[in-house]
1. Say whether the condition of being under 21 Å from A61 (Cα atoms) and open to solvent by 40 Å² or more (accessible area, probe 1.4 Å) is met by at least one residue in segment 133-149.
2. Looking at G132, G189, which one is touching a residue at least 12 places away in the same chain (Cβ under 8 Å), closer than 16 Å to L25 by Cβ and in contact with a Cys (Cβ under 9 Å, 6 or more places away or on another chain)?
3. Restricting segment 36-63 to residues that are open to solvent by 60 Å² or more (accessible area, probe 1.4 Å) and in a helix (DSSP H, G or I), which is farthest from A76 (Cα to Cα)?
4. Modelled with pLDDT under 95, crowded, with 17+ Cβ neighbours inside 10 Å and out of contact with any strand residue (DSSP E or B) (no Cβ under 8 Å at 6 or more places or on another chain), is that true of I128?
5. Is there a residue being over 15 Å from the mean Cα position of the chain (by Cα) and either open to solvent by 30 Å² or more (accessible area, probe 1.4 Å) or of a type in the set (A, V, I, L, M) (or both) anywhere in segment 177-190?
6. What are the residue pairs meeting all of these: first residue in segment 44-63, first residue under 16 Å from W108 (Cα atoms), second residue among the acidic types (D, E) and buried (at least 21 other Cβ atoms within 10 Å of the Cβ), Cβ atoms under 8 Å, and 6 or more apart or on different chains?
Amino acid sequence: MKMTDPDTRQDGPVTGTDAWHQADLVALDLEGSGAQDRDHEAILEIALVPLAAGQPALADAYATLVNPGRPIPARAWIAPGLTNDVLSRARPLTAIEPELAGRITGRWLVGHNIGVDWRLLHRLCPSIAPAGLIDTLRLARACRIDAGGNSLTTLLEHLDLTATVTQAVPDGQPHRALWDATGAAILVGGLVTRRWPAGVALAGLCAVAALPDLVPTQAPDTLF
């Protein structure tokens, strides 16, 4: 699924004193073969959902299957539909990386437990350089939500946001990249509203939810 031109960013740099939703944000989700593959873990599906004014901009979303170049054993956590037959007809990651770089580099990546996805993406696509990482899992923990769990689907259900995600991605399903990326895009707004009802600047959100150790540090005047 390739929807529109990636260059839909707002004019002018956003600093840490600007409202969080003015930043150039894009939600990310990867579906992989599994961490037990270690250095041979493969990306099977990837989705990117830009945020506009704090809301997912589905018209500008990007989602694609990825050919891992080898058969992937059947595993319980691999979503239905990600079969070897389907994946063998997709493009390899080397062909997709330039498109991903154009949609990610310079933007803030948002995702649930984003560090896991970023480590895999950075290892396989080293040309990609986001502005930073914002983790909805870290933000949810800071909000001290008692949802009986911290998974993306559990938090969305607890905040009554599951129907919103399903309506936005009617042909998707949990644990597929586009549904989960859209879920993260919607969740970050719900969590921000819960923690900061009056709003928060980008610097305030980053202080709570960013993962600064996983990406190169930007110059202070462009961050905070």
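The values are calculated or read from the model by the stated rules, or taken from the named source; none is laboratory data. Treat the numbers as computed from the prediction; the structure is a model and nothing was measured. Glycine also receives a Cβ, built like all others from the backbone with ideal geometry; neighbour counts cover every protein chain displayed. Ligands, DNA and RNA are stripped out before the accessible areas are found, and what is left, the full protein with its side chains, is counted by its heavy atoms. Shrake-Rupley method; radii C 1.70, N 1.55, O 1.52, S 1.80 Å.
1. No, the conditions are met nowhere in segment 133-149.
2. G132
3. A59
4. Here the answer is no, as I128 does not meet what is asked.
5. Taking every residue of segment 177-190 in turn, none turns out to be over 15 Å from the mean Cα position of the chain (by Cα) and either open to solvent by 30 Å² or more (accessible area, probe 1.4 Å) or of a type in the set (A, V, I, L, M) (or both).
6. So the pair list comes out as A47/D29; A47/D180.
Matching residues to (1) under 18 Å from D29 (Cβ atoms); (2) at pLDDT 95 or above; (3) among the hydrophobic types (A, V, I, L, M, F, W, C):
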residue: L44; (1), (2), (3): yes, yes, yes
residue: P68; (1), (2), (3): yes, yes, no
residue: R103; (1), (2), (3): yes, yes, no
residue: G106; (1), (2), (3): no, yes, no
